[in-house]
Amino acid sequence: MLRFNNQWRFDSPGPIEPGVVGDFLDLINRISGQGSRKAILEHFKSAFAAAAGLPYHSSSDASWAASDLDRAMDQAAANAPLFIDAFYAACEQLQQRAPEMALPDAARINRILTDRGAGYQIDPPNLVATRTHIPIAVPEQAPSLDAQARVLIDTALDASERALAEGKGRQAVQEVLWLIETVSTAFRSEDILDGSIQGRYFNKIIGELKSRGRGGHQDQILQWMMTLHGYLSSPTGGGVRHGVDLRDGLALHINEARLYCNLIRSYITFLIGEHERLSGRTS
C-alpha cells in the first residue's frame with residue numbers, strides 16, 4: 001500500500017486521467033498471460049473493487065471476470081490516488097506470491113502516469129502529487145548561443161524531466177548539473193569580457209566571473225551557484241557527480257531531486273541571461 005495524504009482516501013482529489021485506465025488494463029491483460037487468466041483478473045478486480053468501495057463477488061468465468069474488472073476500474077477511476085494504489089498494491093502482492101512472474105515496476109507505471117499527465121508519481125513507498133512541480137522555464141531562444149548549444153540544452157532538460165517522471169532523482173539532477181557545467185563554458189569566448197575567462201571547469205569559470213563581476217546580487221548568486229555545485233559533487237554531500245560515499249553518503253529523495261533540478265534550472269537561466277548581457281545582446 002502506498003503512502004499519501006490520508007484525506008484522499010475519503011475525499012477524492014480528482015479522477016484519474018482516462019488514458020491511464022486503458023493502459024493499466026493493457027498491462028493486466030499481459031500479466032494474465034503468465035498464469036490462470038481468471039485468477040489474475042479476479043485478483044485485480046478485487047483490488048479495484050475495494051478502491052471503489054464495492055463488494056467483491058467472484059465471476060463465473062474469465063469472460064465475466066474481464067467485464068466485471070472493467071466496471072470496477074471505471075468506478076475506482078473517480079479517485080486517482082486510490083486507483084493508482086490499487087494497481088500498484090495488486091502487482092506487489094502478485095510478485096510476493098509468484099516471484100517468477102514478470103510485473104511492471106514503479107518506473108514502468110510512472111511512465112504511463114507521465115505520458116497521460118496523471119499528476120502523480122510513485123516514489124516507493126510514497127505516492128507523490130506532481131502537478132505542484134512546475135519546472136523553472138529555461139529560455140527557448142538565446143541569441144548569443146548557437147543552434148548546437150540549444151539542442152544540447154533541450155536534450156538535457158528533456159532527459160532530466162523524463163528521469164524525474166520515472167522516479168530517478170539522481171539521474172535527473174545529473175542531467176541538469178552536466179548542463180550547467182556545459183553552459184558555463186560559453187563564457188570562455190573572446191566576445192565575453194575581452195576573452196579574460198580562461199578557466200576550463202565550472203568552479204573556475206564561475207569564480208572568474210565572480211571576480212570580474214558587478215558585485216552585489218550577482219556576486220551572491222554566483223556564490224550560491226558554486227556552493228550548490230560543490231555540495232552535489234561531493235561524495236558525502238549530494239553524491240551526484242563523483243559518486244556517493246558508501247559509508248557517509250546521503251540518499252536523494254525525489255522531492256529533493258525536484259528542488260535541486262529547479263534550482264539548477266534557475267541558475268542556468270541566470271547564466272544564459274548573463275551571457276546575453278555580456279555579449280552585448282541585452283543591456
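The values are calculated or read from the model by the stated rules, or taken from the named source; none is laboratory data. Predicted model only: the values in this text are computed from it and were never measured. We place every Cβ from the backbone using ideal geometry, glycine too, and count neighbours over all the protein chains shown. Protein only, heavy atoms only, side chains kept; ligands, DNA and RNA dropped before computing areas. Shrake-Rupley method; radii C 1.70, N 1.55, O 1.52, S 1.80 Å.
Of the residues ALA49, ALA72, ALA39, which is in a helix (DSSP H, G or I), more than 17 Å from LEU127 (Cβ to Cβ) and in contact with a Pro (Cβ under 8 Å, 6 or more places away or on another chain)? It would help to see each step written out before you state the result.
Working: ALA72 fails: in contact with a Pro (Cβ under 8 Å, 6 or more places away or on another chain); ALA39 fails: in contact with a Pro (Cβ under 8 Å, 6 or more places away or on another chain).
Among ALA49, ALA72, ALA39, only ALA49 is in a helix (DSSP H, G or I), more than 17 Å from LEU127 (Cβ to Cβ) and in contact with a Pro (Cβ under 8 Å, 6 or more places away or on another chain).
Does MET101 meet the test of being touching a helix residue (DSSP H, G or I) at 6+ places or on another chain (Cβ under 7 Å) and within 30 Å of ARG170 (Cβ to Cβ)? Give the steps one after another, and end with the answer.
Details: touching a helix residue (DSSP H, G or I) at 6+ places or on another chain (Cβ under 7 Å): yes; within 30 Å of ARG170 (Cβ to Cβ): yes.
Yes, satisfied.
In this structure, is LEU113 open to solvent by less than 30 Å² (accessible area, probe 1.4 Å), closer than 30 Å to TRP178 by Cβ and in a strand (DSSP E or B)? Let's see the steps before the verdict.
On the way: open to solvent by less than 30 Å² (accessible area, probe 1.4 Å): yes; closer than 30 Å to TRP178 by Cβ: yes; in a strand (DSSP E or B): no.
No: the conditions fail for LEU113.
Assess whether ASP26 counts as being surrounded by fewer than 16 Cβ atoms within 10 Å (Cβ to Cβ) and closer than 24 Å to PRO81 by Cβ. Write out each step before concluding.
Values: surrounded by fewer than 16 Cβ atoms within 10 Å (Cβ to Cβ): yes; closer than 24 Å to PRO81 by Cβ: yes.
The answer is yes for ASP26.
Quick check, is GLY216 under 26 Å from THR130 (Cβ atoms) and out of contact with any Gly (no Cβ under 6 Å at 6 or more places or on another chain)?
On the way: under 26 Å from THR130 (Cβ atoms): no; out of contact with any Gly (no Cβ under 6 Å at 6 or more places or on another chain): yes.
In short, no.
Which residue pairs have Cβ atoms closer than 9 Å, lie 6 or more positions apart in sequence or on different chains, and pair a first residue in segment 1-29 that is free of Cβ contacts under 8 Å to residues at least 12 places away in the same chain and assigned to a loop (DSSP other than H, G, I, E, B) with a second residue that is polar (S, T, N, Q) and surrounded by 12 or more Cβ atoms within 10 Å (Cβ to Cβ)?
From residues that are free of Cβ contacts under 8 Å to residues at least 12 places away in the same chain and assigned to a loop (DSSP other than H, G, I, E, B), the pairs are ASP11/ASN79.
I'd like to verify a number: residues in segment 116-127 that are open to solvent by less than 20 Å² (accessible area, probe 1.4 Å) and either at pLDDT 95 or above or on the phi > 0 side of the Ramachandran plot (or both), how many?
1
Which one is nearest to ARG265 (Cα to Cα), of the residues in segment 162-203 that are among the aromatic types (Phe, Trp, Tyr) and open to solvent by less than 80 Å² (accessible area, probe 1.4 Å)? Quick ask: steps written out before the conclusion?
Going through segment 162-203, the residues among the aromatic types (Phe, Trp, Tyr) turn out to be 178, 187, 201-202.
Filter again for open to solvent by less than 80 Å² (accessible area, probe 1.4 Å), leaving 187, 202.
Numbers: PHE187: 18, PHE202: 15 Å.
For segment 162-203, the residue satisfying everything is PHE202.
Of the residues that sit in segment 251-278 and are small (Gly, Ala, Ser) and surrounded by fewer than 21 Cβ atoms within 10 Å (Cβ to Cβ), which one is nearest to SER196 (Cα to Cα)?
Within segment 251-278, the subset small (Gly, Ala, Ser) is 251, 257, 266, 273.
Those still in the list that are surrounded by fewer than 21 Cβ atoms within 10 Å (Cβ to Cβ) too: 251, 266, 273.
Working: ALA251: 39, SER266: 25, GLY273: 19 Å.
So, considering only residues that are small (Gly, Ala, Ser) and surrounded by fewer than 21 Cβ atoms within 10 Å (Cβ to Cβ), the one nearest to SER196 (Cα to Cα) is GLY273.
When you go through (1) farther than 15 Å from SER266 by Cβ; (2) modelled with pLDDT of 90 or more one by one for GLN141, which number turns out not to apply?
Of everything listed in (1) farther than 15 Å from SER266 by Cβ; (2) modelled with pLDDT of 90 or more, GLN141 misses just condition (2).
Let me spell it out: the conditions are (1) touching a helix residue (DSSP H, G or I) at 6+ places or on another chain (Cβ under 6 Å); (2) outside any helix (DSSP H, G or I); (3) within 26 Å of ASN110 (Cα to Cα), and ILE197 meets all of them except one. Which number is the exception?
With (1) touching a helix residue (DSSP H, G or I) at 6+ places or on another chain (Cβ under 6 Å); (2) outside any helix (DSSP H, G or I); (3) within 26 Å of ASN110 (Cα to Cα) applied to ILE197, the lone miss is (3).
May I ask you to list the residues in segment 57-94 that are under 20 Å from GLU166 (Cα atoms) and either surrounded by fewer than 16 Cβ atoms within 10 Å (Cβ to Cβ) or not hydroxyl-bearing (Ser, Thr, Tyr) (or both)? Before the answer, list the steps.
First, pick out the residues of segment 57-94 that are under 20 Å from GLU166 (Cα atoms): 80-92.
Listed by number, the residues that qualify are ALA80, PRO81, LEU82, PHE83, ILE84, ASP85, ALA86, PHE87, ALA89, ALA90, CYS91, GLU92.
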